[in-house]
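The values are calculated or read from the model by the stated rules, or taken from the named source; none is laboratory data. Keep in mind that what you see is a predicted model, and the values were worked out from it rather than measured. So basically every Cβ, Gly included, is an ideal-geometry build from the backbone, and we count neighbours across all protein chains shown. Keep in mind that these areas ignore ligands, DNA and RNA; they rest on the heavy atoms of the full protein, side chains included. Shrake-Rupley method; radii C 1.70, N 1.55, O 1.52, S 1.80 Å.
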Amino acid sequence: MLNKIESSKLTKALFLVYFLLLVWIIIGKLHMNILDIQDINNRSINLIPFKGCAIVNGKIYKLELIINILLFIPLGIFMELLFAKKFYKNILFILFVSISFEMIQYFLMIGVSDITDVMMNLLGGMVGLGIIESFQMIFDERVQTICNICAFGMICICLPFLLFISLMI
């Protein structure tokens with residue numbers, strides 16, 4: 001069993017892997033080479049929630065919304081595990097990360113910067129904060145170990161899947 005310091009180091013390493021995957025998914029669009037991105041030179045901003053890129057054939061594309069939520073749940077969990085700041089500070093950091101990703105997409109001209117994405121990312125981070133709060137009440141001292149095991153398992157499952165998807169694109 002890992003001691004508290006080793007567990008904390010593992011959490012930091014898992015966060016780094018998660019964050020690099022998040023950058024690759026959002027900024028790299030799952031491409032191995034940034035030059036392969038198809039929608040290069042496509043710069044736009046959508047400031048109207050649930051309009052634009054979340055609309056396909058006149059209907060809200062729910063899968064995109066769900067993916068944005070799921071991608072940011074771990075960020076909320078890691079924020080609490082690593083920094084244990086006040087809830088509102090974690091929310092502000094998650095909001096900052098989400099807006100930063102949207103700004104990077106805009107300046108690099110690799111997609112649409114969308115307020116809906118920011119909202120769904122923030123919701124995902126808040127869900128993650130709620131999950132970790134619940135885990136802390138249930139598992140107390142073991143919460144970091146349990147979260148590390150879950151994060152490691154998810155990375156082992158998701159990384160090969162994402163690599164496969166990126167090769168298919």
| Roughly how much of Met103 is accessible, in Å² to the nearest 10, using a 1.4 Å probe? | 100 Å²
| task | Return the carbon/sulfur percentage of the accessible area of the stretch 73-169, one whole number, probe 1.4 Å, all protein chains in place. | result | 79 percent
| message | How far apart, in nanometres, would the label points at Tyr88 and Leu162 be if each is projected 7 angstrom from Cα along the Cα-to-Cβ direction? | response | 3.3 nm
| note | With label points set 7 Å from each Cα along the Cα-to-Cβ direction at Phe107 and Ile45, the distance between them in nm comes to 1.3 nm
| field | Highest to lowest packing among 12-21, 67-76, scored as the average C-beta count within 10 Å | value | 67-76, 12-21
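Over 27 Å between Cα atoms: which of Lys4/Lys86; Lys9/Lys89; Lys62/Lys86; Lys9/Lys85 fall into that group? The partial results should precede the final answer.
Working: Lys4/Lys86 22 Å; Lys9/Lys89 22 Å; Lys62/Lys86 31 Å; Lys9/Lys85 18 Å.
As for pairs spanning more than 27 Å Cα to Cα, those are Lys62/Lys86.
If r is the Cβ-Cβ distance from Leu16 to Ile99 and R0 is 22 Å, what FRET efficiency results, to the nearest 0.05?
Working: r = 21 Å, r/R0 = 0.96.
Once rounded, the FRET efficiency stands at 0.55.
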| Taking only Cα atoms of the stretch 65-169, radius of gyration then Dmax in Å | 15.1, 45
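Considering only DSSP states other than H, G, I, E and B, which trypsin sites (Lys or Arg not before Pro) in the stretch 74-116 qualify as loop sites with at most 11 other Cβ atoms within 10 Å? Provide the component values of the computation, followed by the final result.
Numbers: sites: Lys85, Lys86, Lys89; in loops: Lys85, Lys86.
Here the trypsin sites (Lys or Arg not before Pro) that fit, given the DSSP loop and packing criteria, are Lys86.
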